[in-house]
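Report on one structure; see the data block that follows.
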Amino acid sequence: VFDNVVFSYGGNYFLRGSFQQAVIFTKGENTKISNTIFEENIGGVVASGSGEVTVLNSEFKNTVKESLYVDRDVKVVISNSNIYPSKESTYTARSGGFLNVDAKSNWWGDETGPYNNTNPTGKGAKIGGNILFEPWSSEKF
């Protein structure tokens, strides 16, 4: 459980032969993150293996790479959070697993919502993979 934490200037771990950038790396654990700020990190949260990850009332800003990456089939719920576009990564949030990531009711950096192929007019953070994002918040939390 992470509650009322600020993560700044962190990230980097080794997975499957390459360096990844995350402040929190879950590998089959059930993890709850709430009222937490991720700022100026290389990466945010990487969920891998199994288990459940819940992120509530948190903020991801000025992340260099991905703020959220889901590797494999982890149940992930993120809501009531502010997710700003990443500085360098193609995607701010991405899922490589088969399960849908429940990322509804978040502010994605713009009132038009996140950008992806089902919301091509979205001017917010770019997302990819199986991420459910509708409805989104048109205002910051």
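The values are calculated or read from the model by the stated rules, or taken from the named source; none is laboratory data. All values derive from a computational prediction rather than experimental measurement. SASA here: full protein model, heavy atoms, side chains in, ligands and nucleic acids out. Shrake-Rupley method; radii C 1.70, N 1.55, O 1.52, S 1.80 Å.
Tabulated data
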| read-out | value |
| --- | --- |
| Area accessible to solvent at Asp110, 1.4 Å probe radius, in Å² | 40 Å² |
| Rotationally averaged projected area of the chain (alpha carbon convex hull; nm²) | 7.1 nm² |
| Per principal axis, descending, Cα span of the stretch 18-97 in whole Å | 31, 28, 16 |
| Apportionment of accessible area to carbon and sulfur, the stretch 17-141, percent (1.4 Å) | 45 percent |
| Per residue solvent-accessible surface (Å²) - the stretch 33-141, probe of 1.4 Å | 44 Å² |
